[in-house]
Every structure is written in C-alpha cells, then in structure tokens.
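Trainee: One structure is given below, represented as structure tokens, and several questions about it will come after.
The values are calculated or read from the model by the stated rules, or taken from the named source; none is laboratory data. Worth saying up front: this structure is predicted, and the values here are computed from it rather than measured. Positions of Cβ are generated from backbone atoms using ideal geometry, with glycine treated the same way; all protein chains shown enter the neighbour counts.
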Amino acid sequence: MSRFLLIILFFVLFSFSAFAQKTTKHKIVGGDSFYSIAKKYGVSESDIYELNPKAKGKTLQLNDVLLIPTAKKAKKVTADFHEVSSGESFYTIAKKYDLSIEELKDFNPNTSPNKLQVGTKLALAKNKNSKDAKSNKKEEASTSNDLIHSVKKGETISHITEKYDVSFKELKKLNPGLDVKLQIDEKIVIRKGKEKAKKEIIEAKVAPVKVISPTSVQLETMAAADDDVEEPDDSGEVTHVINRGETLASIARAYKITLAKIQELNPKVGNKIFPGRKLIIKKGITTSKPQQINLYADADDFTEEAAPMSDESLEAADQLISIASEHLGTRYRSGGSKNGGFDCSGLMCYTFSQMDFKLPRTSNEQSRTGKKVKKTQAQKGDLIFFSTNGRGTVNHVGMITEVVDDEIFFIHSSVSRGVIVSSVKEAYYSKRFVRITRVLDNVD
C-alpha cells in the first residue's frame, strides 16, 4: 500500500514539474496589456487566455500574476537559413532555433532587426561565402529607396504619423512588430520606395435620428453646433489631475490633508499613480440621486445585449488607448483635432483615424454610431457620452480606458483641464452620463 502511494506521489510531482517547465509567471506592471505581454514572451494572446480564462475581457490589475506558456524551443536544425514570415521578429526566430539575439545579429550583420521584411532570408550560422548571404545583401540594397524614419528622443507615434501623413495602421502593415511605445533609434519604414500607400478608410455609419418632436430636432441642431460646452459643477467636489513626478504624499502635502484621507477617497488607486488620472480631494455633495439623461424618451429600447469584444478588437483598443494617452495634458482647443490641441470629439476623431477608422466630427453624431451597450457590459475602447450643457443633449465624448469592478474610467478632452482620465463615479459625470456605444466591432 505504501509503495502504491509513493508511485502516485511521484506521478503527481512529475506532472507538476512538467507543467511548471511549460509555463512561466508574469507580474503585471504599469503599461502592460495582453498584446505587449504576448509580444514580450513570443506567444499569442489566445495562448495567454487559455491559461488564464478568467482574465479574458478584463482590465489587467497591477501586481496580478498571469501564467505565460513557454514557447517550445526547437532543436538546433541543420538548415543554414530561415525565411522570415509575417509577424516574426529577431526575438522569435532566435528563440525558435535556440540562438541568442546577438548570435543572430552577428550572422546577419547587414540586416536590421527594426526593418525585418517578410521573405528575407536570415543566416543561422556564420557563412560568408553563401549564395543566400549574397542575395540577402542584394535584398537589403533593394530596400535603399524605402522611406525610413529613425526615432529620436521624445518622439511619439502621433508625431511621426502627423509628420508623414500616415496612420498607425498603415505603419503596422509595413512594420509588423511595431508597438505604440517607441525606442530611441528604432527604424520605422514609412513607405516602400517612392510609392505612397492609399489609405483604406473605414467610415462609421451614423444611425438615423429618431424624431420624437420638433423640439428634439431643434435640440439636436443646437448640440451639434455647441459641442463640448460644460455646465458648472455644482456638487462642490474638488479633484486633482496627477502630473508627472508627483506622488500621493506630495499631493497630500499640497492640499494639506493626510495620505490616509486621499487613499480613503480613492480606494482603487494603488501605490503606482499615472499622469492624467484624477484624484478626489474633497467629496461633492449630491442633493439628489444622479439620474441618467436620455436624448430620446425611449433610448433604452435600443440598448442591446452586447457580446464581448473579439481578441482583435481588444488589441485595437489597447493601441487606441496608448495613442490617446500620448496626449495627456494637451490643452483643450475648440475645433481642435491635431497635436496642438483637441476638443472632445476631435480627440476621438484623431485617435480612431490612426486605425483608419473615420468617426463623425461632433460628439452628438458620434453617439449615434456603432452599437449601444449597457454600462455593465462596457469594455475598453468603447465610446462614452455625456450631456454637460444643461440642455439634455449629447455634447461630450470620451473613450473608455478600463473598467474596474463597476467603475468606468475614460480619457477625454475637458474644457478646463485638457486631455485627462476621469471616472463615471465622479459627481459631475455621474449626473450627466447618457450612453455607451461600441464601434470597435467594425475595426479590422
């Protein structure tokens, strides 16, 4: 009997050891997304979801731990070359053949890791006289007419796309491994040869306006012409937008309150704080229960049960959030839709245009695009709308960046503070919330 138990124990320990060898643990840090983690470990997002099914569709929380599948290492092969396929990088190729990145660079001195092209043949061993090595040099020379940009300190994707009049989606097609977070001296192919790729623009469909009365039409017209006019906040709530370099302790000292009080008012804020996020310094006084404003009396009849976003849409959402976040702190400018300043709908138009997705110009029109979804089904990348002009019409928009339990955070351009991140639970926005719509299901 004791021998039988020992055999079972051995089997369990062996199975656990085998599983441990096939996975590794990743602790979530600021800026992580499923896309960036998958890229870091050379696996797919679906591989991560398979090991962490409860994390799918949810916002990553700081210090949470994900199980990451360990990519199987191929045995060293006798092949002298590897032909690059779509989506491959020096990292994934080196890992596949059990080489270091430095070795792969050394074997291919004339090939830049930052402009790896599909079809390029990479040497897997030192072989100066190989015909394929010569053809590799020839291929490198043939790309000399490509327009290449070398990233300088302080540059962002937004700066580069605006400089060359291209979208982020176009750049991704030419640079499959391109991330929104750039590295200094990183080489980006802007366009092939002298040819400029034509933009494939997806235009959002505007749902027809349901006319309730002549008054409704009049209000619609006023809202479109008076986009993003803010009504004063009468709740008395005091908030602080976090600046770079600030800490919770320094903010507490500036407002002459205790650190414990800030943490009490902002229970979901961890030790790591992010520029652009708002902190509640003093709670507002709500005299009446916040009530949702509806542009149409029966607007709720059109709110549908929404299926969770696809992996592709969630990846697009991460990229859109990263692009919009580059502009945190940018001033508000009426009619603005470029780096110099944004109004609320202008920020959304600019951000989504980077994925070749065209939104209508005003927040009121944007509120009638896509599919309306319930608050409880909101996901990052959804558009969120408010009525801040005291007339009951949609005139303000933001994009949801994360959903933590029942609290929705969104990035937007505020008249008073420029591009910031706010929460629907703030007294000002909770009273003025109108609806949420999903347009990312239409993004390829």
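Trainee: How many residues does region 247-278 hold that are of a type outside the set (A, V, I, L, M, F, W, C) and surrounded by 17 or more Cβ atoms within 10 Å (Cβ to Cβ)? Don't jump to the end; show me each part of the working.
Mentor: Of all residues in region 247-278, those of a type outside the set (A, V, I, L, M, F, W, C) come to 247, 250, 253, 255-256, 258, 261, 263-264, 266-268, 270-272, 275-278.
After this cut, where a residue has to be surrounded by 17 or more Cβ atoms within 10 Å (Cβ to Cβ) as well, the list is 266, 276-278.
Adding up the residues that qualify gives 4.
Trainee: Restricting attention to region 72-85, does a residue exist that is under 25 Å from Leu182 (Cα atoms) and modelled with pLDDT under 80? Walk me through it before giving the result.
Mentor: Initial filter on region 72-85 (under 25 Å from Leu182 (Cα atoms)): 84-85.
Retained after the next criterion (residues that are modelled with pLDDT under 80): none.
The answer is no, given that none of the residues of region 72-85 is under 25 Å from Leu182 (Cα atoms) and modelled with pLDDT under 80.
Trainee: Val419 - would you say it is at pLDDT below 95, touching a strand residue (DSSP E or B) at 6+ places or on another chain (Cβ under 9 Å) and crowded, with 22+ Cβ neighbours inside 10 Å?
Mentor: Values: at pLDDT below 95: yes; touching a strand residue (DSSP E or B) at 6+ places or on another chain (Cβ under 9 Å): yes; crowded, with 22+ Cβ neighbours inside 10 Å: yes.
Answer is yes for this residue.
Trainee: For region 92-118, name all the residues that are within 13 Å of Phe81 (Cα to Cα) and hydroxyl-bearing (Ser, Thr, Tyr).
Mentor: Tyr97
Here's the yes/no breakdown for (1) buried (at least 20 other Cβ atoms within 10 Å of the Cβ); (2) under 24 Å from Ile37 (Cα atoms); (3) not polar (S, T, N, Q):
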| position | (1), (2), (3) |
| --- | --- |
| Ala317 | yes, yes, yes |
| Asn339 | no, no, no |
| Phe342 | yes, no, yes |
| Ser345 | yes, no, no |
| Thr351 | yes, yes, no |
| Gln366 | yes, no, no |
| Leu383 | yes, no, yes |
| Gly390 | no, no, yes |
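Trainee: Then there's this: Yes or no: Arg361 out of contact with any helix residue (DSSP H, G or I) (no Cβ under 8 Å at 6 or more places or on another chain), of a type outside the set (Phe, Trp, Tyr) and more than 23 Å from Ser33 (Cα to Cα)? Talk me through it step by step, then tell me what you get.
Mentor: On the way: out of contact with any helix residue (DSSP H, G or I) (no Cβ under 8 Å at 6 or more places or on another chain): no; of a type outside the set (Phe, Trp, Tyr): yes; more than 23 Å from Ser33 (Cα to Cα): yes.
No.
Trainee: Only one of these is surrounded by fewer than 15 Cβ atoms within 10 Å (Cβ to Cβ) and either under 23 Å from the mean Cα position of the chain (by Cα) or at pLDDT below 85 (or both): Glu203, Glu155, Glu186. Name it.
Mentor: Numbers: Glu155 fails: surrounded by fewer than 15 Cβ atoms within 10 Å (Cβ to Cβ); Glu186 fails: surrounded by fewer than 15 Cβ atoms within 10 Å (Cβ to Cβ).
The conditions single out Glu203.
Trainee: Of all residues in region 168-181, how many are in contact (Cβ under 8 Å) with a residue 24 or more places away in the chain and closer than 14 Å to Ser322 by Cα? Steps first, please.
Mentor: First, pick out the residues of region 168-181 that are in contact (Cβ under 8 Å) with a residue 24 or more places away in the chain: 168-170, 173, 175-177, 179-181.
Within this subset, residues satisfying the condition of being closer than 14 Å to Ser322 by Cα are 168-169, 179-181.
So the count comes out to 5.
Trainee: Given the conditions (1) touching an Asp or Glu at 6+ places or on another chain (Cβ under 7 Å); (2) surrounded by fewer than 23 Cβ atoms within 10 Å (Cβ to Cβ), and given that Ser413 satisfies all but one, which numbered condition is not satisfied?
Mentor: Evaluating Ser413 over (1) touching an Asp or Glu at 6+ places or on another chain (Cβ under 7 Å); (2) surrounded by fewer than 23 Cβ atoms within 10 Å (Cβ to Cβ) leaves (2) as the failure.
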